[in-house]
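Report on the following structure.
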Amino acid sequence: MTCLLRRTLIPGWLWLPAGIGLFLCAGPLLALIINVPWAQLPRLLSAPEVLQSLGLSLTTAGISTVICFVIGTPLAVLFARLHGPWLTSARGILLLPLVLSPVVSGIALLYFWGRRGLAGQPLGALGIETGFSPLAVILVQVFVSLPFFVVAGLSAITAVEPEMELTAATSGAGPTQILRHITLPLALPGLLAGGLLAFARSLGEYGATITFAGSVAGRTRTLPLQIELSLNSNQPEAALGLSLMLICIYLIVLILARSGALRLVPTR
């Protein structure tokens, strides 16, 4: 875009609100980075409880992301291909966790998956306990991250040219063959980006986790819960170091997700 075109299309007054918005987002992050005890970072980040929380976070977030792929891809395909009032309602239900308060999400999970919940009670009769376990963390993460994956997957599948699928159908290919050889390969970059966003959302989940799964060392105390524990234990240096670690992981995930999203843009 040339300078003349920029001046033509971009009003000058936009810079003020845009600058304020950037300041409101970047300012707190800058303050965090400035106050990080850099000299103590190696000791703080290598503490056993930190490594334990990091391992639990990465493991549960990875498992929940795989689950999102397995059950979210069919949802994205159905939402992209079908229309109707019942599907609109289903989409609204699926997207509800995006706007729910974390505490409300945790309470809903507790009354569904908890020991006396709708699903938790039958599972308990089978000897499967969900509360205060890594399984509880995974259930929370799937609940809050699945909408992110489905939204990204829906955009990627919708971007696939229908003519290519129709051509394959007229050539005798069945629905499964079209999905496997045309739709999913073309939508794969967007699905991978959605998976990375779901992973990041799972990694940062806090409110619903502590409400439903609790904060048990080695079982449910993920990295965000370890940060909260450090603050409550009057260890701000540890909380700052862990926050920086989490931010670095987020940046890596966002860079990977952006590179995947860019691959959706057709080249000319």
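The values are calculated or read from the model by the stated rules, or taken from the named source; none is laboratory data. Since we're looking at a predicted model, the values are computed, not measured. Cβ placement follows ideal geometry from the backbone for every residue including glycine, while neighbour counts extend to all protein chains displayed. Surface areas here come from the heavy atoms of the whole protein model, side chains and all, with no ligands, DNA or RNA. Shrake-Rupley method; radii C 1.70, N 1.55, O 1.52, S 1.80 Å.
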Only one of R115, R91 is basic (K, R) and more than 13 Å from F212 (Cβ to Cβ), namely R91
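Condition check ((1) hydrophobic (A, V, I, L, M, F, W, C); (2) open to solvent by less than 80 Å² (accessible area, probe 1.4 Å); (3) within 16 Å of R201 (Cβ to Cβ)) across all residues:
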{"site": "E49", "(1), (2), (3)": "no, no, no"}
{"site": "C68", "(1), (2), (3)": "yes, yes, yes"}
{"site": "I71", "(1), (2), (3)": "yes, yes, yes"}
{"site": "P74", "(1), (2), (3)": "no, yes, no"}
{"site": "L82", "(1), (2), (3)": "yes, yes, no"}
{"site": "L94", "(1), (2), (3)": "yes, yes, yes"}
{"site": "L110", "(1), (2), (3)": "yes, yes, no"}
{"site": "W113", "(1), (2), (3)": "yes, yes, no"}
{"site": "A119", "(1), (2), (3)": "yes, yes, no"}
Cβ-Cβ distance below 6 Å, separation of 6 or more or different chains: which pairs start in the range 121-138 with a residue that is touching a residue at least 12 places away in the same chain (Cβ under 8 Å) and over 19 Å from S53 (Cβ atoms) and end on one that is small (G, A, S) and assigned to a helix (DSSP H, G or I)? T130/G120; T130/A136
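To keep it simple, each residue is scored yes or no on (1) under 18 Å from the mean Cα position of the chain (by Cα); (2) open to solvent by less than 10 Å² (accessible area, probe 1.4 Å); (3) not hydroxyl-bearing (S, T, Y).
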residue: A125; (1), (2), (3): no, no, yes
residue: G131; (1), (2), (3): no, no, yes
residue: P147; (1), (2), (3): yes, yes, yes
residue: L154; (1), (2), (3): yes, no, yes
residue: A159; (1), (2), (3): no, no, yes
Report yes if I34 is in a helix (DSSP H, G or I), open to solvent by 100 Å² or more (accessible area, probe 1.4 Å) and either touching a residue at least 24 places away in the same chain (Cβ under 8 Å) or of a type in the set (A, V, I, L, M) (or both), otherwise no. yes
Would you call A26 open to solvent by less than 40 Å² (accessible area, probe 1.4 Å) and aliphatic (A, V, I, L, M)? no
